[in-house]
Amino acid sequence: MGTERNRDAPWNVWMTRGEYAEIPRHAPSDLAEMAIRLMGDCWLRVAEVLDVTASDILRRSDGRSWKVEVVAGKDTSGEYAQGKHRET
């Protein structure tokens, strides 16, 4: 795990992929595991994870992977009045 002091925020903290891989395995429920994976694997923010519904998660045509659609995600550019639409 690494840390770095930041001008705008007190600290940035990150972990290796190996450290992250251990966290979902210890989730107390399937719902908690899904939330952790949406943040860690798809880079969703907490507010975006809270807005995800079952209809936002779709199986891709290859049958081996999933697609998550974020309809009103965080927009750091200021371009989108209703939030940024993205798929991951």
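If I go through region 24-42 residue by residue, how many of them are of a type outside the set (A, V, I, L, M), surrounded by 10 or more Cβ atoms within 10 Å (Cβ to Cβ) and assigned to a loop (DSSP other than H, G, I, E, B)? Break it down stepwise before answering.
Of all residues in region 24-42, those of a type outside the set (A, V, I, L, M) come to 24-26, 28-30, 33, 37, 40-42.
If we keep only those that are surrounded by 10 or more Cβ atoms within 10 Å (Cβ to Cβ) too, we end up with 24, 33, 37, 40-42.
This time we only want the ones that are assigned to a loop (DSSP other than H, G, I, E, B), so: 41-42.
Of the residues in that region, 2 qualify.
Do we find a residue being part of a loop (DSSP other than H, G, I, E, B), under 14 Å from the mean Cα position of the chain (by Cα) and at pLDDT 80 or above anywhere in region 66-77? Taking every residue of region 66-77 in turn, none turns out to be part of a loop (DSSP other than H, G, I, E, B), under 14 Å from the mean Cα position of the chain (by Cα) and at pLDDT 80 or above. Applying the criterion of being small (Gly, Ala, Ser) and modelled with pLDDT of 90 or more to the residues of region 9-23, the residue that is surrounded by the most Cβ atoms within 10 Å (Cβ to Cβ) is Ala21.
Residues of region 11-38 that are within 14 Å of the chain's Cα centre (by Cα) and among the charged types (D, E, K, R): Glu33, Arg37. Pairing each residue of region 8-28 that is closer than 16 Å to Trp43 by Cβ with any residue that is surrounded by 10 or more Cβ atoms within 10 Å (Cβ to Cβ) and among the acidic types (Asp, Glu), provided the two are 6+ apart or on different chains, yields C-beta distances under 7 Å for Pro24/Glu33. Scanning region 43-65 for residues that are over 15 Å from the mean Cα position of the chain (by Cα) and either closer than 20 Å to Met1 by Cβ or not in a helix (DSSP H, G or I) (or both) yields Leu58, Arg59, Arg60, Ser61, Asp62, Gly63, Arg64, Ser65.
The values are calculated or read from the model by the stated rules, or taken from the named source; none is laboratory data. All of these numbers come straight from a predicted model, not from anything done at the bench. A quick note on method: Cβ atoms are made from the backbone with ideal geometry, for glycine too, and the neighbour counts reach across all protein chains shown.
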